[in-house]
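Since every read-out is calculated from the coordinates, none of them should be taken as a lab result. Remember, it's a predicted structure, so these values are computed and weren't measured experimentally. Cβ sites come from the backbone with ideal geometry, for glycine too, and all protein chains shown count toward neighbours.
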Amino acid sequence: MHDFVLPELGRASPYGVCDLAANEAWVSVGTDHDTAAFAVEAIRRWWATMGAPLYPDAKRLPVTADAGGSNGYRLRLWKAELQRLADETGLEIAVCHFPPGTSKWNKIEHRLFSAITMNWRGKPLVSHEVIVKLIAATTTRTGLRVRSALDENPCPAGVNVSDADMATLYLRRDDFH
């Protein structure tokens, strides 16, 4: 889904987490830049409000992501923020990226964001509150339930992660790759 610029209000950047097994989703609507820090904060909020209560014994969190944007496989900040989330939660986070050019294969595009788009078509997106409420009111015939909240945390663009910081991360490539 794309960012929206609202006159006099600023940016609205939706980032979603879709739990296919539970048929539930979380969408954070950011008011600053769509960065890796914002993306991981959305995952953190999903985990705290929906994931942990549903999966209290989880030890591992599988994440699929497209190959670009705020969760691209080359982004150092994405990796550093995920490490921070793993440290906070005690979860092993396993990320699988879709190959470049195939992000539309991602189920979140089909199951979540297409339903959101259909739900708010023809409705003026005049405030952050309206956007959050329209997203949270999204349902599908298959029973998808969506929760949403505004994320007003600053997410400055251009945050660099040094080689020294990268060396402290626990990254392990899967044997398949």
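All conditions in (1) touching a residue at least 40 places away in the same chain (Cβ under 8 Å); (2) surrounded by fewer than 20 Cβ atoms within 10 Å (Cβ to Cβ); (3) over 26 Å from Arg173 (Cα atoms) hold for Val27, with the sole exception of (2). Taken over the range 141-152, the criterion of being under 20 Å from the mean Cα position of the chain (by Cα) and assigned to a loop (DSSP other than H, G, I, E, B) is satisfied by Leu144, Glu152.
Tell me which residues, restricted to the range 153-177, are in a helix (DSSP H, G or I) and either under 17 Å from Ala39 (Cβ atoms) or touching a helix residue (DSSP H, G or I) at 6+ places or on another chain (Cβ under 7 Å) (or both). Lay out the reasoning, then the answer.
First, pick out the residues of the range 153-177 that are in a helix (DSSP H, G or I): 163-167.
Within the range 153-177, Asp165, Met166 qualify.
Checked against (1) within 19 Å of the chain's Cα centre (by Cα); (2) among the aliphatic types (A, V, I, L, M); (3) not in a helix (DSSP H, G or I), Ile135 meets all criteria but (3). Every listed requirement among (1) exposed (fewer than 15 other Cβ atoms within 10 Å of the Cβ); (2) under 22 Å from Val5 (Cα atoms); (3) touching a Pro at 6+ places or on another chain (Cβ under 8 Å) is met by Ala94 save one, (2). The set of residues in the range 83-106 that are within 21 Å of Val29 (Cβ to Cβ) and part of a helix (DSSP H, G or I) comprises Leu85, Ser103. Only residues that are in contact (Cβ under 8 Å) with a residue 40 or more places away in the chain, touching a Leu at 6+ places or on another chain (Cβ under 6 Å) and more than 11 Å from Val27 (Cα to Cα) were counted across the range 110-140, and they come to 1.
Restricting attention to the range 66-81, which residues are among the small types (Gly, Ala, Ser), in a helix (DSSP H, G or I) and surrounded by 16 or more Cβ atoms within 10 Å (Cβ to Cβ)?
In the first step, residues of the range 66-81 are kept if they are among the small types (Gly, Ala, Ser); the result is 67-70, 72, 80.
So of that shortlist, the ones also in a helix (DSSP H, G or I) come out as 69-70, 80.
Matches in the range 66-81: Ser70, Ala80.
With the requirement that a residue be among the charged types (D, E, K, R) and more than 16 Å from Val5 (Cα to Cα), what does the range 112-129 give you? Listed by number, the list holds a single entry, Arg121.
Pairing residues of the range 69-84 that are touching a residue at least 24 places away in the same chain (Cβ under 8 Å) with residues that are part of a loop (DSSP other than H, G, I, E, B) and of a type in the set (Phe, Trp, Tyr), at Cβ distances under 8 Å and at least 6 apart in sequence or on separate chains, gives Gln83/Tyr170.
What strands (runs of 3 or more DSSP E) lie completely within the range 1-65 and have 1 or more residues being among the charged types (D, E, K, R)? Full working, then the answer.
Details: elements: 4-6, 10-19, 24-30, 60-65.
Fully inside the range 1-65 and qualifying: 10-19, 24-30, 60-65.
Residues that are surrounded by fewer than 21 Cβ atoms within 10 Å (Cβ to Cβ) and under 19 Å from Pro100 (Cα atoms) within the range 35-64 comprise Val63, Thr64, listed in sequence order. Gly122 fulfils the conditions (1) surrounded by fewer than 15 Cβ atoms within 10 Å (Cβ to Cβ); (2) at negative phi except for a single criterion, (2).
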